[in-house]
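Below is one structure, written out as structure tokens; comments come after it.
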């Protein structure tokens, strides 16, 4: 039995995968996700909130302890947008070292994109096929493209679901003016995608959507009473379905949106902004639908750090 683990500390969510290795493939043993909102306020203040640090480290310590108890002493752990951007990131790293016995590696947006692409290719890539991957996180959005496990191109945009929500400040529920502002802000942040599309890099590519915004939208589209990774992973979301979802979710006040079947309640306040980013990215890239991936950075980490041993 060869078990390893990967932890992704994102702007919004901490994710754990403990997996058993069979050759260069991995079978999940345990998967966990908990929203801690490490990056709340970072766009405005440039600093990590002490309460967010404490909550995130508590989850990180619990996840690391579970991984070790399950026989996975080797844990690859990375931190993404919030830790990259904050001036006081060292406070988080010191607490993680003290309480979890881990020091998350801060990875660049480009490296985050590479790992997500590797994860998507492992599940959906095929020889001779072009793959594009869209990763809408809490603080940033990554796009990759290519015809192999390593992307031939990648871009990281400093705009995610949490950052867009905080920057646009929509009401509860958002007005038409709020929704227009969300769309305009998202479009401006992702504008380079139009150039990538015009250049032909995305032509004929299959689009794979990764991370919590996309998986939550898939769960809501299916009205899942309990999140089911087997039903979400590999499912399809069309642009028209997404437009209907955004309209339906945006029409509800937060307290009602949080109760919609398939919705992760802690994600309800940022889901409209996240979905707007997905829709604008699809429009700029010329995509009419996407394939949903329930896997992301942490699965890329497994393949990258442990797949070749």
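Computed from the coordinates by the stated procedures, all read-outs in this text should not be read as laboratory data. All values reported here derive from a predicted model rather than from experimental measurement. Here the Cβ positions follow ideal geometry from the backbone for every residue, glycine too, while neighbour counts run over all protein chains shown.
Would you list 203, 235 from fewest to most Cβ contacts within 10 Å? Intermediate results must be reported in sequence, preceding the final value.
Values: 203 12, 235 18.
Starting with the residue having the fewest Cβ neighbours, the order is 203, 235.
Mind pulling the per residue volume of the convex hull built on the Cα atoms of the chain? Å³ is fine. Working shown, then result.
Numbers: hull volume 36.4 nm³, N = 309.
Dividing the Cα hull volume of the chain by its residue count gives 118 Å³.
Compute the distribution of all C-alpha to C-alpha distances in region 215-309, in bins of 10 Å from 0, and list the percent of pairs in each, rounded to whole numbers.
Computed distribution, short to long bins: 15, 43, 29, 10, 2, 0.
How long are the semi-axes of the ellipsoid equivalent to region 3-106, from square roots of 5 times the Cα gyration tensor eigenvalues, in whole Å, largest first?
Details: eigenvalues 132, 32, 24 Å².
Taking √(5λ) for each Cα gyration eigenvalue gives 26, 13, 11 Å.
Which one, 97, 187, 206, has the greatest fluctuation when you compute a Gaussian network model over the chain with C-alpha springs under 10 angstrom?
Maximum among the listed residues: 97.
Arrange the following residues from fewest to most other Cβ atoms within 10 Å of their Cβ: 47, 193, 263.
The fewest-first ordering by Cβ neighbours comes to 47, 263, 193.
Write down the Å³ per residue value for the convex hull defined by the alpha carbon atoms of region 165-209.
On the way: hull volume 4.6 nm³, N = 45.
Hull volume normalised by residue count: 103 Å³.
From the Cα gyration tensor of region 215-258, with a ≥ b ≥ c the square roots of its eigenvalues, which class applies: rounded if a/c is under 1.5, or else prolate if a/b is larger than b/c, or else oblate? Don't skip to the end; give the middle numbers.
Details: a/c = 3.42, a/b = 1.35, b/c = 2.54.
Taking the square roots of the gyration eigenvalues as a ≥ b ≥ c, region 215-258 is oblate.
Can you bin region 102-259 into rounded, prolate or oblate? Criterion: square roots of the alpha carbon gyration tensor eigenvalues sorted a ≥ b ≥ c, rounded for a/c under 1.5, prolate for a/b above b/c, oblate for the rest. Provide the component values of the computation, followed by the final result.
Details: a/c = 1.64, a/b = 1.40, b/c = 1.17.
It comes out prolate by the Cα gyration axes.
Only bridges whose two residues both fall in region 109-297 count here: according to DSSP, what percent of them are antiparallel, nearest 5?
Details: 14 of 22 bridges.
DSSP beta bridges in region 109-297 are roughly 65 percent antiparallel.
At 0.36 nm per residue, and after removing the present C-alpha to C-alpha distance, how many nm does the segment from residue 227 to residue 192 gain when stretched out fully?
Numbers: separation 35, 0.36 × 35 = 12.60 nm, distance 3.38 nm.
Contour length minus Cα-Cα distance gives 9.2 nm.
For the residues 288, 293, what sequence is obtained by ranking on other C-beta atoms within 10 Å, fewest first?
Details: 288 10, 293 27.
The fewest-first ordering by Cβ neighbours comes to 288, 293.
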